[in-house]
Amino acid sequence: QVQLVESGGGVVQAGGSLRLSCAAFGNINGITAVGWYRRAPGREREWVAIQASGGATNYADSVKGRFSISRDYAGNMVYLQMNSLKPDDTGVYYCNYNARTRAFSTQRVDYWGQGTQVTVSS
């Protein structure tokens, strides 16, 4: 089975930086996109950064210019570099893989990690 494991979270002061890592275990075929989502206290989970299989990236307005998603294909890793952190960035961050269920299929499946806590103090 596929398992995603996030790491790198912690407690930092505003203006600091963190790099989150997501390690993928198991075989994931037909990846269409990878991404990072977060759930802030009292809010629903929201997408933060997405990278399509072709390399195109997109970011939530709240993190543009501060966060950067990258992928290490050989190492089966996805990263989220987080700079100039703000207290509003506090939350549990989740790694996501979106993949086709099979070749040429229109159906897709999402894989999720357990999350890593990021706390930004003011």
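Some notes on this structure:
- Any chance Ala24 is of a type outside the set (Val, Ile, Thr), in contact (Cβ under 8 Å) with a residue 24 or more places away in the chain, over 22 Å from Gly8 (Cα atoms) and surrounded by 14 or more Cβ atoms within 10 Å (Cβ to Cβ): no
- Within region 38-51, no residue satisfies the criterion of being modelled with pLDDT under 95 and open to solvent by less than 40 Å² (accessible area, probe 1.4 Å).
- The numbered conditions (1) in a loop (DSSP other than H, G, I, E, B); (2) under 15 Å from the mean Cα position of the chain (by Cα) are all true for Tyr93 except (1).
- Checklist (1) surrounded by 13 or more Cβ atoms within 10 Å (Cβ to Cβ); (2) modelled with pLDDT of 95 or more applied to Ile31, failing item: (2)
- Within region 1-38, the set of residues being over 16 Å from Ala52 (Cα atoms) and of a type in the set (Ser, Thr, Tyr) comprises Ser7, Ser17, Ser21.
- Cβ separations smaller than 7 Å between residues 6+ apart or across chains give the following pairs from region 109-121 residues that are more than 26 Å from Gly16 (Cα to Cα) and touching a residue at least 40 places away in the same chain (Cβ under 8 Å) to residues that are part of a loop (DSSP other than H, G, I, E, B) and not small (Gly, Ala, Ser): Tyr111/Val2; Tyr111/Ile28.
- Filter result (under 16 Å from Ser121 (Cα atoms), of a type outside the set (Asp, Glu) and either open to solvent by 30 Å² or more (accessible area, probe 1.4 Å) or in contact with a His (Cβ under 9 Å, 6 or more places away or on another chain) (or both)) within region 55-91: Asn83, Ser84, Lys86, Pro87
- Selection of region 75-122 for residues being under 15 Å from Ala33 (Cα atoms) and among the β-branched types (Val, Ile, Thr) yields Val78, Thr101, Thr106, Val109.
- Restricting region 92-122 to residues that are farther than 10 Å from Gly30 by Cα and among the small types (Gly, Ala, Ser), the residue that is surrounded by the fewest Cβ atoms within 10 Å (Cβ to Cβ): Ser122
- The set of residues from region 1-39 being farther than 15 Å from Arg66 by Cβ, within 14 Å of the chain's Cα centre (by Cα) and among the hydrophobic types (A, V, I, L, M, F, W, C) comprises Leu4, Val5, Cys22, Ala23, Ala24, Ala33, Val34.
The values are calculated or read from the model by the stated rules, or taken from the named source; none is laboratory data. For clarity, every value in this text was computed on a predicted model and none was experimentally measured. We place every Cβ from the backbone using ideal geometry, glycine too, and count neighbours over all the protein chains shown. Just so you know, the surface numbers come from the protein's heavy atoms only, side chains and all, with ligands and any DNA or RNA stripped out. Shrake-Rupley method; radii C 1.70, N 1.55, O 1.52, S 1.80 Å.
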